[in-house]
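*Asks:* Below are the structure tokens for one structure; questions will follow.
The values are calculated or read from the model by the stated rules, or taken from the named source; none is laboratory data. Just so it is clear, the structure is predicted and the values come from calculations on it, not from any experiment. A quick note on method: Cβ atoms are made from the backbone with ideal geometry, for glycine too, and the neighbour counts reach across all protein chains shown. Please note that ligands, DNA and RNA were not included when accessible areas were found on the heavy atoms of the full protein model with its side chains. Shrake-Rupley method; radii C 1.70, N 1.55, O 1.52, S 1.80 Å.
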Amino acid sequence: MNKEKTKDQYQWLEKDSRKVRSWIRAQEKPTSKYLSQSPFRKILRKKFKHLFDIDSIHTPVQRENLYFFRWRKVNEDQPKLYVKKRLHGKPTLLLDPNKLKLGTIQGWDVSKDARFIEISFSKASNDHYVLKIFDVLKRKFLKDTITSERYPYFQKWDPDSMGFWYLRGEPGHSISDEKYYKRIYYHKLGTPVRQDTIFFEKTLLKDDFPSIDRSHDGRYTTITVYHKNETSTVYFKDTVGPKKDFVNISRGMSALSYIAVENNCIYLNTDHKAPNRKILKRKIYQGSLGEWEIFVPERNYKLENWVLLNEKILLEYIENISSKICLIDLKTKKSREVKLPGAGSVDAYSSEYGSEKLFFSFDSLNVPSNIYILDTINLKLKSYWKPKINLPTGLNVEQKWTKSKDGTKIPMFTLTNGKKYKNRPTLVYGYGGFGISLLPSFRSSVIPFIESGGMYVLANIRGGGEFGKKWHEAAIKAKQHKRFEDFAAVLKYLSDQDFTSPEKICVWGGSNGGLLMSVMALKYPGLFKAAVIDVPVTDMLGFHLFHGGRHWIHDYGDPDDKKMRKYLLSYSPYHNVGNQNYPSILLMTGEHDDRVHPMHTYKFFAKLKENRNQRNPILLRINKKAGHGGAGKVKANINTLTDMFTFVYKELGIT
């Protein structure tokens, strides 16, 4: 391709410099002025504070008859860490991150003996973690600290609780490659981190992503290496058997597989010759392995999740875009379905090995996230915790279908206040990528919009994982246009059925969904009035050069391939800004987003502002001290939502 045709005039916005920071401040001034003129900004802030500033509890983690959990009380910015000696006993405070200068807690993991907790902190709520070890008995941190260089990720506690495995980039590579060349390291508590050595594997490729696990008894070690999110290689080792080396047990499978070991059997969750996934089983003998056999065959709907328990396995399927779970006995293969509270989404599974209790959360578009306890013996479900949140009565959820350009049926969910009237303000959310399934889950943020007579729509377009691998791969690489057409079909349907009209529609998406909304604004501007575009990917010729962008090549294609580059250029938002009046746009990004570089937002915004025919507002909002998922604190989240919905209300004419 002629380099002159793709010359990048705003390449200077890719670097953090004084010039860029000065440019950012100048662009934020019109946004502040626009938002400050809104008469209902204060009202929205009050509503979001009422919805978000409430007590919230995370799913408990059981260890040795102790229950660890995070709990955020009213007026606290992030949850504290507690422990209880009994399930319904009195909580004891372990750690208050609000009083530390370590940032936000991004992850935590309790050792098998409940003595230590690994806590991953991030100062900017991004992927740059610091790994610290908290001593539960002494109520203080150990000296053992894995610093943020080369992007470390905690992997697994050793069953003896005296050390752990973690992931980190290999030294000797450039700063731009910090997220690549991942190796598994082992750290023994009490030893200098500089002495940690590579446990596995010096020969992995740049894009490879390894993950380690170990059986509960400590005997079997498994490692899965993911290759560009397309396939994986699975290794197995018996630490007390005659063969002490890792064995590739996925040989001959070009598939994405996940492994678990229980009672001298290997279980493999795989899409090998099974787009909706199946589970294979292989027995472990003294010094050898048996042949693979099908333990759970592929079904007509996607196997979304699995949890290996003591003598049982829990399987979560997606049926008609709703979670369905069942328990299968590992010896008899007998399957029993667990009756859920309704159609919705199950998440946050938590269970101690050998325990008869399994915790999980359940929510739906009109049901906030509730924590339940499942008795895995009699399958009885008990409520453990429900949020105290005042919701409007009559919240109504419906599933609707339309047809895309090529005739494919595309589903969507709608949430309204139950009243029947036409041409209502409508907010349409979409993603459609990386095989991620958008199930009907609760969003506090849309409640004020619904109370104001609005309709929220969740579009289940291709590229996601709602209907398995085929649904995902129907809209990747040179078929990306399929998901744009799907989303356009949803918007047309909503207007054609008189639910709403183009001047009453705002579209909303983040990350890969931000790419979707950016393309929609340029290619389908007549279908909606406004767009909220959050942390988007917009430079499709350069996405692979920043942070972890190479991991997206499986979905987007390789810009270094001549044919693929031509296709990417045909829809790349940054390269396709024209001279017409596009819908009103609010572009948002995180100041320290190290997953989707802020340059995508900056450059696209700069191109849009060049357009002299643009009459609708184009606004830029930057979330300070924030990463890809925001600042990780309640106050910052309330501020972001207040500004976002101020824009939505104003552009859709909600009074």
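*Asks:* Quick one: grab the alpha carbon gyration tensor of region 553-610, order the square roots of its eigenvalues as a ≥ b ≥ c, and give me rounded if a/c is under 1.5, else prolate or oblate depending on whether a/b is larger than b/c. Each step should come with its number before you reach the end.
*Replies:* Values: a/c = 2.66, a/b = 1.23, b/c = 2.15.
Here region 553-610 falls in the oblate category.
*Asks:* Using the charge dipole of region 1-97 (Lys, Arg: +1 at Cβ; Asp, Glu: -1 at Cβ; taken about the Cα centre), state which of HIS58, VAL83, ALA26 has its Cα farthest towards the positive end.
*Replies:* Result: ALA26, furthest along the dipole toward the positive end.
*Asks:* Per residue, how much accessible area does region 1-90 have with a 1.4 Å probe, in Å²? Let's see the in-between values first.
*Replies:* On the way: 5910 Å² over 90 residues.
Counting only protein heavy atoms, the per-residue value for region 1-90 is 66 Å².
*Asks:* Filter the chain for me: DSSP H helices, axial length by Cα at least 24 angstrom, mean Kyte-Doolittle hydropathy not below -0.5. List them by residue number.
*Replies:* Working: long enough: 18-36 (27 Å, -1.31); 634-652 (26 Å, 0.24).
Taking the DSSP H segments of the chain (at least 24 Å long, mean hydropathy at least -0.5), we get 634-652.
*Asks:* Which of rounded, prolate or oblate describes region 127-285 when judged by the alpha-carbon gyration tensor and an a/c cut-off of 1.5?
*Replies:* Values: a/c = 2.07, a/b = 1.35, b/c = 1.53.
Taking the square roots of the gyration eigenvalues as a ≥ b ≥ c, region 127-285 is oblate.
*Asks:* How big is the C-alpha Rg of region 275-358 next to the rule-of-thumb value 2.2 N^0.38 Å, as a ratio?
*Replies:* Details: Rg = 14.2 Å, N = 84, 2.2 N^0.38 = 11.8 Å.
Scaled against compact globular proteins, the figure is 1.19.
*Asks:* Accessible surface of ILE328 in the full protein assembly, 1.4 angstrom probe, to the nearest 10 Å²?
*Replies:* Roll a 1.4 Å probe over it and ILE328 shows about 10 Å².
*Asks:* Still on this structure, please answer the following. Let me check the size of region 528-643 from its C-alpha atoms; what are the radius of gyration and Dmax in Å?
*Replies:* 15.1, 46
*Asks:* If you take the charge dipole of the chain about its Cα centre, with +1 on Lys and Arg Cβ and -1 on Asp and Glu Cβ, which of HIS551, LEU641, GLY513 is farthest toward its positive end?
*Replies:* Result: LEU641, furthest along the dipole toward the positive end.
*Asks:* Can I ask one more? Per residue and in cubic angstrom, what volume does the convex hull of the Cα atoms of region 59-136 have?
*Replies:* Details: hull volume 7.5 nm³, N = 78.
Measuring per residue, one finds 96 Å³ for the Cα hull of region 59-136.
*Asks:* Mind checking the log10 I(q)/I(0) for region 356-414 at q = 0.15, 0.27 Å⁻¹? Debye, one equal scatterer per Cα, no solvent, two decimals.
*Replies:* Taken in order of the listed q values, log10 I(q)/I(0) reads -0.68, -1.05.
*Asks:* Can you show me the helix-derived [θ] at 222 nm for the chain, built from DSSP H runs with n ≥ 4 at -39,500 (n - 2.57) apiece and divided by the number of residues, rounded to the nearest 500.
*Replies:* Working: 10 runs with 114 residues, N = 655.
Helix contribution divided over all residues of the chain: -5500 deg cm²/dmol.
*Asks:* In whole angstrom, and with the biggest value first, how far do the Cα coordinates of region 356-495 range along each principal axis?
*Replies:* Cα spread of region 356-495 along its principal axes, largest to smallest: 47, 38, 20 Å.
*Asks:* Sort ARG483, ARG86, ARG194, ARG621 from largest to smallest accessible area, using a 1.4 Å probe on the heavy atoms of the protein chains.
*Replies:* Details: ARG483 0, ARG86 155, ARG194 205, ARG621 35 Å².
Sorted by accessible area, descending: ARG194, ARG86, ARG621, ARG483.
*Asks:* Rounded to whole Å and sorted largest first, what semi-axes of the equivalent ellipsoid does the C-alpha gyration tensor of region 243-385 yield via the square root of 5 times each eigenvalue?
*Replies:* Details: eigenvalues 172, 64, 31 Å².
Its equivalent ellipsoid spans semi-axes of 29, 18, 12 Å.
*Asks:* How much accessible area does MET588 have with a 1.4 Å probe, in Å² rounded to the nearest 10?
*Replies:* Solvent-accessible area, nearest 10 Å²: 10 Å².
*Asks:* Hey, which aspartates and glutamates would be in cross-link range of LYS357, C-alpha to C-alpha under 19 Å, not counting anything within fewer than 8 residues on its own chain?
*Replies:* Here the aspartates and glutamates satisfying the reach criterion relative to LYS357 are GLU64, ASP109, ASP113, GLU262, GLU311, GLU316, ASP329, GLU337, ASP347, ASP375.
*Asks:* Once amide H atoms are built 1.01 Å from N in the peptide plane, which residues 5 or more positions from GLN106, or in another chain, come under 5 Å H to H?
*Replies:* Result for GLN106 returns SER120, PHE121, SER122.
*Asks:* Treating the beta-carbon of each Lys and Arg as +1 and of each Asp and Glu as -1, no other charges, what is the dipole magnitude of region 13-108 about its Cα centre, to the nearest 20 debye? List each step's numbers first, then the result.
*Replies:* Values: 24 positive and 9 negative charges, 73 e Å.
Here region 13-108 has a charge dipole of around 360 debye.
*Asks:* If you roll a 1.4 angstrom probe over the protein chains with everything in place, what fraction of the accessible area of region 1-86 belongs to carbon and sulfur, to the nearest %? Please list the in-between numbers first.
*Replies:* Details: 2790 of 5560 Å².
Answer for region 1-86: carbon and sulfur cover 50 percent of the accessible area.
*Asks:* Also: Using every alpha carbon pair in region 130-204, what percent of pairs falls into each 10 Å bin from 0 up to the bin containing the largest distance?
*Replies:* All Cα pairs, binned at 10 Å, distribute as 19, 52, 23, 6, 0 percent.
*Asks:* Right, next: Regarding the chain, what is the average projected area of its C-alpha convex hull, in nm²?
*Replies:* Working: hull surface 116.0 nm².
Result: 29.0 nm².
*Asks:* Run the dipole for the chain about the Cα centre, Lys and Arg Cβ at +1, Asp and Glu Cβ at -1, nothing else charged, and hand back the magnitude in debye, nearest 20.
*Replies:* Details: 109 positive and 70 negative charges, 305 e Å.
It works out to roughly 1460 debye.
*Asks:* Evaluate 2.2 N^0.38 Å with N set to the residue count of region 581-655, then give the Cα radius of gyration divided by it.
*Replies:* Expressed relative to 2.2 N^0.38 Å, the Cα Rg reads 1.19.
*Asks:* How much space per residue, in cubic angstrom, does the convex hull of the C-alpha atoms of region 424-547 take up? Kindly include the intermediate steps, with their values, before the conclusion.
*Replies:* Details: hull volume 13.8 nm³, N = 124.
Once divided by residue count, the hull of region 424-547 is 111 Å³.
*Asks:* So how far apart, in nm, are the two label points at THR145 and TRP71 if each is 7 Å from Cα heading toward Cβ?
*Replies:* 2.9
*Asks:* Assuming 0.36 nm per residue, please report the length gained on full extension of the stretch ASP347 to LYS400 beyond their Cα-Cα distance. It would help to have the intermediate numbers written out before the result.
*Replies:* Working: separation 53, 0.36 × 53 = 19.08 nm, distance 2.41 nm.
Extra length available between ASP347 and LYS400 comes to 16.7 nm.
*Asks:* How about LYS273: which aspartates and glutamates have a C-alpha closer than 16 Å to its C-alpha, ignoring those fewer than 8 places off in the same chain?
*Replies:* By straight Cα distance, LYS273 reaches GLU230, GLU293, GLU298, GLU473.
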